[in-house]
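Let me begin by presenting the structure, written as structure tokens, before commenting on it.
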Amino acid sequence: MKIIETIDELRAQVKEWRKEGFRVGLVPTMGYLHEGHKSLIDRAVAENDRVVVSDFVNPMQFGPSEDLASYPRDLDKDAKLCEEAGAHVIFHPEASEMYHEDFSSFVDMNTLTKGLCGKTRPIHFRGVCTVLTKLFHIVGADRAYFGQKDAQQLAVVKHMVQDLNFDMEIIGCPIIREEDGLAKSSRNTYLSSEERQAALVLSKSLKVGKQMLEAGERNCKKILREVSAIIEKEPLAKIDYVEIVSWPNLLPVEEVEGQILLAMAVYVGKTRLIDNIIF
Ligand code: PAF
């Protein structure tokens, strides 16, 4: 497995693969890889001849008061995981390689990005769409793999690919959880042991929401009231949002009809965690 740091080298590598007729899969990540990422890489390896894992903490998707500087990084550990999973290249550019000094073009979206995480992270999805557009152009993959934990991101990326006619398939993969239910996330590393315990309130409250839906409850307000009450009982947790929206259009819904996304962002201590279910 190679670690490639420049766009030119990566393009040359993909060109070689294309000459051989290889199908190429891309797994975009910000590194500090865990089992959730590994499940994406495993699927990409199973479905493509060659797999690129991008490992780039994208400054453009962090707001000024967010955790860009402290975001965890460990390239050696990432390389080991990628190699064991059978990936062929890690693309690990410097920020200056991706964004030259007078960089001034952005990809943004009017719908889908304004609600849920977009409310408290107003520039986040513009950064995500811009870096992914760049990565999609650079790699020219046949398929790219995303986790459902960032459900809004998954919906946004699928929509962007359709709007902008990228000739590639976006594959959504299930959330990978710790044994006790906590969704795997690079940000879990910020949690103290007390906060780690408190963070279980996300998956526990979602479970209750799912049980209500399975039992036939269709009134969103009732479901949200129950789910929020569970989170509010946890002293270390503070709700950013708990919402039910249509899936994959992310529109507000009052009564559950068709597919819905029950999504939440909750601060546990200073750490903002997200989780969801699609029903
Ligand atoms: O989900 C992430 O890790 C990032 O948002 C992504 C898709 C790699 C873009 O920087």
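Determine whether region 59-72 contains at least one residue that is outside any helix (DSSP H, G or I), in contact with a Leu (Cβ under 7 Å, 6 or more places away or on another chain) and farther than 14 Å from residue 5 by Cβ. Yes; the residues of region 59-72 include at least one that is outside any helix (DSSP H, G or I), in contact with a Leu (Cβ under 7 Å, 6 or more places away or on another chain) and farther than 14 Å from residue 5 by Cβ. For region 222-237, what are the residues that are touching a strand residue (DSSP E or B) at 6+ places or on another chain (Cβ under 9 Å) and not acidic (Asp, Glu)? Answer for region 222-237, where residues must be touching a strand residue (DSSP E or B) at 6+ places or on another chain (Cβ under 9 Å) and not acidic (Asp, Glu): 223, 224, 227, 228, 231, 236, 237. Does residue 55 qualify as being free of Cβ contacts under 8 Å to residues at least 60 places away in the same chain, in contact with a His (Cβ under 6 Å, 6 or more places away or on another chain) and within 15 Å of the ligand (Cβ to nearest atom)? For residue 55, the condition - free of Cβ contacts under 8 Å to residues at least 60 places away in the same chain, in contact with a His (Cβ under 6 Å, 6 or more places away or on another chain) and within 15 Å of the ligand (Cβ to nearest atom) - is met.
Residues in region 65-116 that are out of contact with any helix residue (DSSP H, G or I) (no Cβ under 9 Å at 6 or more places or on another chain), open to solvent by 70 Å² or more (accessible area, probe 1.4 Å) and under 15 Å from residue 52 (Cα atoms): 80, 83.
Among the residues of region 173-199, how many are open to solvent by less than 30 Å² (accessible area, probe 1.4 Å), touching a strand residue (DSSP E or B) at 6+ places or on another chain (Cβ under 7 Å) and closer than 23 Å to residue 43 by Cα? So that I can check it myself, show each step before the final result.
Here is the first cut: in region 173-199, the residues open to solvent by less than 30 Å² (accessible area, probe 1.4 Å) are 173, 181-183, 185-186, 188, 191, 198-199.
Narrowing the set further to residues that are touching a strand residue (DSSP E or B) at 6+ places or on another chain (Cβ under 7 Å) leaves 173, 183, 185, 191, 198-199.
Keeping just the survivors that are closer than 23 Å to residue 43 by Cα gives 173, 183, 185.
Qualifying residue count for the region: 3.
Need at least 2 residues that are more than 12 Å from the ligand (Cβ to nearest atom) and β-branched (Val, Ile, Thr) per element, so show me which helices (runs of 4 or more DSSP H) inside region 81-162 make the cut, counting only ones lying wholly within it. Please lay out each step first, then the result.
Values: elements: 95-98, 117-120, 124-139.
Ranges flagged: 124-139.
When residue 3 is tested against the conditions (1) touching a residue at least 40 places away in the same chain (Cβ under 8 Å); (2) within 16 Å of the ligand (Cβ to nearest atom); (3) not in a helix (DSSP H, G or I), the lone failure is (2). Here is a check on your reading of the model: is residue 35 open to solvent by 30 Å² or more (accessible area, probe 1.4 Å) and under 16 Å from residue 10 (Cα atoms)? Judged against the criteria, residue 35 is not a match. When 184, 207, 238 are checked against the criterion of being within 16 Å of the ligand (Cβ to nearest atom) and touching a residue at least 12 places away in the same chain (Cβ under 8 Å), a single residue qualifies: 184.
The values are calculated or read from the model by the stated rules, or taken from the named source; none is laboratory data. On a predicted model such as this, the values are computed, not experimentally measured, just so you know. FYI the Cβ positions are ideal-geometry reconstructions off the backbone, even for glycines, and counts take in every protein chain you see. We work out accessible area using only protein heavy atoms, side chains counted, and drop any ligands, DNA or RNA first. Shrake-Rupley method; radii C 1.70, N 1.55, O 1.52, S 1.80 Å.
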